[in-house]
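Please read the structure below before turning to the comments.
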Amino acid sequence: IDLAVLLATKFGVQLVYATETIGVNPSYKASPYYARDLGRDQERVAKLFKDAQGEHRIELRHGGLPLSDVLGALPTISQPTTGRRDLVILLVDKRKLRCEWCGRPSTIIESMSSTLNSIMGFLGHYILLYAYDPEQDQVYYKDPAVNSARCTVSSEVLEAARTAFGTDQDAIFLRSGGSDS
């Protein structure tokens, strides 16, 4: 919600914020990734959600987010400018995501994946989805931690990374112009 509020209030971006959990998910107390800050973040996060639709004019979508909704929002490679399409920022578990375009570990984080699995259990990371190729089942995305102009991943791998414990299936749909298709 922090990123959604920043984009809406400081940059005037029209967006939809989708999440499984409005507020802080209490089951994260046991997660080493969240445990340290979870208690003090609860009030702050609750206020952000409370103000999201009113003061911040963010459209909230609560509940599970089907992968088809994510892929359907993206322009396709064969028809990149037909109808209204969105960019989508996804929270993923970085340990489960690997660029299929280059096929090599992109960061030291990925190289240390097995060690991180046992220590952290979750490694939250945002990526920007910008296109989908349904014929090849490849999602095109930009990863700020990767020094590559293009990253791709299959929908199956993306689904595992975006639905992993800790993500709440958080997604920010950045609205573009044009008509709905």
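Place a point 7 Å from the Cα of Thr76 along the Cα-to-Cβ direction; which residues of segment 130-160 have their backbone N under 19 Å from it? In segment 130-160, the label zone of Thr76 (backbone N under 19 Å from the point 7 Å along Cα→Cβ) covers 130-141, 153-156.
Determine which residues of segment 138-168 fall in the zone a paramagnetic label at Leu6 would reach in this model, i.e. backbone nitrogen under 14 Å from the point 7 Å along Cα→Cβ. Correct set: 144-145. Rolling a 1.4 Å probe over the protein chains gives Arg150 an accessible area of about 90 Å². Taking His56, His62 and ordering them by how much accessible surface each has at a 1.4 Å probe, largest first, produces His62, His56. Set the bar at 28 Å for Cα to Cα. Now go through Lys47/Lys142; Lys10/Lys50; Lys50/Lys142 and name every pair that lies beyond it. Check vs 28 Å cut-off fails for Lys47/Lys142; Lys50/Lys142.
The simple spin-label model puts a point 7 Å past each Cα toward its Cβ; for Gln136 and Glu43 those points are separated by 5.1 nm. Across segment 149-156, rounded Karplus estimates of 3J(HN,Hα) from the backbone phi angles (6.51 cos²θ - 1.76 cosθ + 1.60, θ = phi - 60°) give 6, 9, 10, 9, 8, 6, 5, 5 Hz, Gly and Pro being marked x.
Cross-link partners of Lys94 among aspartates and glutamates, defined as those whose alpha carbon lies under 18 angstrom from its own and excluding same-chain residues fewer than eight positions apart: Glu110, Asp143, Glu156, Glu159, Asp168, Asp170.
The values are calculated or read from the model by the stated rules, or taken from the named source; none is laboratory data. These numbers were taken from a predicted model, which means no experiment stands behind them. Reconstructed Cβ throughout: ideal geometry from the backbone, glycine too, with neighbour counts over all protein chains shown. Areas reflect the complete protein model, heavy atoms only, side chains present, ligands, DNA and RNA absent. Shrake-Rupley method; radii C 1.70, N 1.55, O 1.52, S 1.80 Å.
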